[in-house]
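First up is the structure itself, then whatever we jot down about it.
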Amino acid sequence: MTTRVARRLAPAALIPAALVLLAAVPVAAGRAAPADVTAAGPAQRAVLAAQVEAARAADPGFTPSAERGRTLFTGSPGGGKPDSPSCTSCHGDDPRQGGHSRAGKPIAPLAPSVVPARLTDAADVAKWLRRNCAEVLGRDCTAAEKADLVAFLISQ
Ligand code: HEC
């Protein structure tokens, strides 16, 4: 009798424990140290997922690359304004450190490990990428380039 009751109660009693465990997983992942693969939380991952989906509309096999993103971010691809040849012209060489606008106004670091609110708002990211790709490349970045840039920045 006792065992039958216990057997019936046991699964229900386990559910809260299982939920606590499940809830703890994303929180732990979001607190990854800067040296880890990614410092990104759920909001940054959602921004990346949307960019990847956009890129896959043109190329179904597309996989984002933080390395390609780094190359684009630190390079001087040409085609833009002479006084802002690179993303680093304003944001500095290291996304974990800040930069300066052309007018000398400080720009906070883009790295989520330093500024957790960075790249959490898809509309903001879209607006600034449109503006800044025009500055640096003289054109809109492709969906693939944007996904690579976001993959790089949220890994910082
Ligand atoms: C002419 C200066 C300038 C250049 C060049 C520039 N940026 Fe920016 N960027 C800014 C400013 C100013 C902001 C808005 C202020 C802020 O967010 O601190 C900004 C904001 C952003 C944001 C929004 C971050 C967020 O919190 O969501 C992203 C992403 C970004 N830039 C990426 C880039 C990339 C990638 C490049 C190169 C293609 C680039 N920027 C080149 C000045 C620049």
Env charge @ ALA147, Cβ radius under 12 Å, K,R +1 / D,E -1, value -1
So, with points 7 Å from each Cα along the Cβ direction, the THR142-ASP83 label distance in nm works out to 3.2
Diffing segment 116-127: the Karplus 3J(HN,Hα) column from phi (6.51, -1.76, 1.60, θ = phi - 60°), in whole Hz with x for Gly and Pro, holds x, 7, 5, 6, 9, 10, 4, 5, 5, 4, 4, 4
Taking a label point 7 Å from the Cα of ASP59 along Cα-to-Cβ, the residues of segment 119-156 whose backbone nitrogen sits under 16 Å from it are 141-152
Excluding residues fewer than 8 positions from LYS127 in its own chain, the aspartates and glutamates with Cα under 14 Å of it are GLU135, ASP140
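The numbers here are math on the coordinates, done by the rules we state, and not lab data. Predicted model only: the values in this text are computed from it and were never measured. With ideal geometry, Cβ positions are generated from the backbone for all residues, glycine too; neighbour counts draw on all protein chains shown.
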